[in-house]
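Worksheet: one structure, shown below.
The values are calculated or read from the model by the stated rules, or taken from the named source; none is laboratory data. Quick caveat, the model's predicted, so the values are computed rather than measured. Every residue, glycine as well, gets a Cβ built from its backbone with ideal geometry; the counts of neighbours run over all protein chains shown. For the accessible areas, the whole protein counts, side chains as well, though only heavy atoms, and no ligand, DNA or RNA atoms are used. Shrake-Rupley method; radii C 1.70, N 1.55, O 1.52, S 1.80 Å.
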Amino acid sequence: MQRLQDATELKFWAEDRPVPREVLLKEAADCVGVLSMLTERIDAEFLDACPQLRVVSNHAVGFDNVDVAACTERGILAGNTPDVLTETTADLAFTLILATARRVHEMVDYVKQDKWRTWGPLDNLGVDVHHATLGIMGMGRIGYAVAKRAKGFDMELIYHDSTRSVIAEEKLGVKFVSREELLNHSDFITLHVPLTPETRHSVGKAEFEQMKASAILINTSRGPVVDQAALLEALKSGQIRGAGLDVTDPEPMRADNPLLALPQVTILPHIGSATLNTRTKMADVAARNLVNGLLGEEMVSCLNPQARGIGRNKS
Ligand code: DGY
């Protein structure tokens with residue numbers, strides 16, 4: 001805020017709910033820059049409603065809410081906040097792996113509900129994480145950081161991505177496999193792909209059918225990557241063992257969602273990057289992207305540097 005206040009004439013939405021679309025369209029109409037959250041849809045309609053807009057800075061690494069091609073066409077620079085949240089998000093993905101495997105939230109409730117009567121050899125069993133096979137779907141920065149953690153747990157590491165990561169293979173001994181192989185062999189499948197038209201619902205009925213009955217699905221990427229109705233069926237029918245989700249479709253998820261009634265599911269409210277340290281760094285990158293973009297200086301992370309030579313950002 002300070003950085004933005006010092007450099008610009010700032011308007012901001014201070015309520016703890018997303019800015020309503022009509023308010024956003026009206027208030028942003030005369031702005032040269034916008035700092036957006038993943039709750040704002042930055043699409044052609046929005047861009048056309050803001051004829052002076054030169055920079056959109058998204059306060060997230062994911063930018064499925066921003067139509068980058070539409071920004072480029074109009075000569076509008078778009079920024080995001082990669083790197084600074086990688087390790088924090090990987091920590092949370094691993095938290096979900098452990099929590100789901102060992103039924104942590106169910107067991108916390110068990111104690112709170114006064115169900116703890118004795119210690120029984122077969123009571124409250126979970127599954128081992130150590131030495132289990134972890135399938136990483138998407139070996140980008142966060143996938144790699146999860147693999148590093150998993151190595152410390154002696155997990156068997158396999159991954160699939162559209163391009164191979166020589167670094168992950170050489171440094172971490174992660175094995176590249178086909179999508180089918182990953183689905184067939186993993187004890188845990190963790191998703192680290194961006195949300196695109198190709199990845200939307202890319203984990204659905206057909207994929208659950210290929211998973212082990214003991215498989216646990218972890219999603220810290222974007223909710224719509226998973227077909228949630230198919231996930232519900234797969235869990236209810238015992239096609240897979242459990243799921244740990246930090247992202248849902250839609251967000252926020254309401255408390256009466258049937259997934260929440262299943263004890264083998266752990267759901268968190270999109271907190272992958274939610275530590276003060278990381279959120280502060282994300283805010284800093286987002287603010288610098290915005291100010292630098294407007295000043296014609298290099299942005300920390302620009303998704304479409306080619307927009308600089310076009311239209312509004314020509315000079
Ligand atoms: C992102 O940055 O894309 C996360 O989902 C929010 O931290």
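Structure notes:
- Count of region 62-98 residues which are part of a strand (DSSP E or B) and aliphatic (A, V, I, L, M): 3
- Residue under evaluation Ser202, criteria (1) of a type in the set (Ser, Thr, Tyr); (2) open to solvent by less than 30 Å² (accessible area, probe 1.4 Å); (3) assigned by TED's automatic domain parsing to the domain that holds Pro18, criterion not met: (3)
- Looking only at region 17-61, residues that are out of contact with any helix residue (DSSP H, G or I) (no Cβ under 6 Å at 6 or more places or on another chain), within 16 Å of the ligand (Cβ to nearest atom), assigned to a loop (DSSP other than H, G, I, E, B) and within 23 Å of Thr278 (Cβ to Cβ) come to 7 in all.
- Apart from one condition, Asp227 fits all of (1) open to solvent by 10 Å² or more (accessible area, probe 1.4 Å); (2) in contact with a Lys or Arg (Cβ under 6 Å, 6 or more places away or on another chain); the exception is (2).
- Residue in region 164-181 that is under 21 Å from Val247 (Cα atoms) and modelled with pLDDT of 95 or more present: no
- Among (1) in a helix (DSSP H, G or I); (2) in contact with a helix residue (DSSP H, G or I) (Cβ under 8 Å, 6 or more places away or on another chain); (3) open to solvent by less than 60 Å² (accessible area, probe 1.4 Å) - the single one Ser273 does not satisfy: (1)
Matching residues to (1) polar (S, T, N, Q); (2) under 14 Å from the mean Cα position of the chain (by Cα):
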residue: Ala70; (1), (2): no, no
residue: Asn80; (1), (2): yes, yes
residue: Arg103; (1), (2): no, no
residue: Met139; (1), (2): no, yes
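- Considering residues of region 212-224 that are in contact (Cβ under 8 Å) with a residue 60 or more places away in the chain and open to solvent by 20 Å² or more (accessible area, probe 1.4 Å) only, the residue farthest from the ligand (Cβ to nearest atom): Ser214
Residue-by-condition table, conditions (1) surrounded by fewer than 14 Cβ atoms within 10 Å (Cβ to Cβ); (2) more than 13 Å from the ligand (Cβ to nearest atom); (3) part of a loop (DSSP other than H, G, I, E, B):
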{"position": "Pro252", "(1), (2), (3)": "yes, yes, yes"}
{"position": "Ala255", "(1), (2), (3)": "yes, yes, yes"}
{"position": "Leu259", "(1), (2), (3)": "no, yes, no"}
{"position": "Ala283", "(1), (2), (3)": "no, no, no"}
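- The residues on offer are Ala307, Ala287, and the sole one that is within 16 Å of the ligand (Cβ to nearest atom), touching a helix residue (DSSP H, G or I) at 6+ places or on another chain (Cβ under 6 Å), assigned to a helix (DSSP H, G or I) and open to solvent by less than 40 Å² (accessible area, probe 1.4 Å) is Ala287.
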